[in-house]
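For reference, the structure discussed in these notes is given below.
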Amino acid sequence: MEHSAHDVGTVHDHAAHQAHEGHGGHHTGRVTWGSAATATLHCLTGCAIGEILGMAIGTALLWGNVATMVLAIVLAFMFGYSLTLFAIRKAGLDFKTALKVALAADTVSIIVMELVDNGIIALIPGAMDAHLNETLFWTSLLGGFVVAFLLTTPVNKWMIGRGKGHAVVHSYH
């Protein structure tokens, strides 16, 4: 394997990857759908917390659609990164290193998830104008999460199989 593309300041312990059973081959593409779904669900949890909170706050404050969506997206990224950040900080990483790992692990997954989820909400007639007490608000939001999960899982499987995305977190479990 060619290592010249790796950051020279980063120590990369291949023995830890080889001994780390149960996470599929990080560099061989032999990642199970289950591990990809687990990584996606982890990401979706943070995104959903932020997205629901942002949509609820924006809707309750009667903000416009754009302001509400921007708040929801910002909070989705914040909570998505936070879940990973807190988990790997427990492994003893300093904040700066942990933040780099969280950004590497979750950025693509969160971007795909947010594009899909918000795209669905924007496309469903009346969803952005629905209020918190309306079924349309909750069904479009939750339906967007389901579709985002289904479309993001293959992306995560592909990334993990190449040692990217959530694979960078595995050595810190």
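The values are calculated or read from the model by the stated rules, or taken from the named source; none is laboratory data. Computed from a prediction, not measured in an experiment: that's the story for all the values here. Neighbour counts run over all protein chains shown; Cβ positions are idealised from the backbone, glycine included. Calculation scope for accessible area: heavy atoms of the full protein, side chains included, ligands and nucleic acids excluded. Shrake-Rupley method; radii C 1.70, N 1.55, O 1.52, S 1.80 Å.
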Subset of region 149-173, residues out of contact with any Gly (no Cβ under 9 Å at 6 or more places or on another chain) and among the hydrophobic types (A, V, I, L, M, F, W, C), comes to PHE149, LEU150, LEU151, VAL168, VAL169
Given (1) part of a helix (DSSP H, G or I); (2) over 18 Å from HIS131 (Cα atoms); (3) not acidic (Asp, Glu), ALA91 misses just (1)
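Against the definition (closer than 18 Å to ILE121 by Cβ, open to solvent by 70 Å² or more (accessible area, probe 1.4 Å), of a type in the set (Val, Ile, Thr) and modelled with pLDDT of 90 or more), how does ILE49 come out, yes or no?
Values: closer than 18 Å to ILE121 by Cβ: yes; open to solvent by 70 Å² or more (accessible area, probe 1.4 Å): yes; of a type in the set (Val, Ile, Thr): yes; modelled with pLDDT of 90 or more: yes.
Judged against the criteria, ILE49 is a match.
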Scanning region 150-173 for residues that are not hydroxyl-bearing (Ser, Thr, Tyr) and not in a helix (DSSP H, G or I) gives ARG162, GLY163, LYS164, GLY165, HIS166, HIS173
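Every residue, every condition in (1) open to solvent by less than 70 Å² (accessible area, probe 1.4 Å); (2) farther than 14 Å from MET69 by Cβ; (3) modelled with pLDDT under 95, yes or no:
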{"residue": "ILE120", "(1), (2), (3)": "yes, no, yes"}
{"residue": "LEU132", "(1), (2), (3)": "yes, yes, yes"}
{"residue": "LEU141", "(1), (2), (3)": "yes, no, yes"}
{"residue": "VAL147", "(1), (2), (3)": "yes, yes, no"}
{"residue": "LEU150", "(1), (2), (3)": "no, yes, no"}
For region 94-118 the number of residues that are open to solvent by 30 Å² or more (accessible area, probe 1.4 Å) and either touching a residue at least 60 places away in the same chain (Cβ under 8 Å) or part of a loop (DSSP other than H, G, I, E, B) (or both) is 2
* Tell me, yes or no, whether region 123-140 has at least one residue that is free of Cβ contacts under 8 Å to residues at least 40 places away in the same chain, aromatic (Phe, Trp, Tyr) and farther than 16 Å from ALA37 by Cα. => yes
Filtering region 47-72 for residues that are of a type in the set (Phe, Trp, Tyr) and out of contact with any helix residue (DSSP H, G or I) (no Cβ under 9 Å at 6 or more places or on another chain) leaves a count of 0
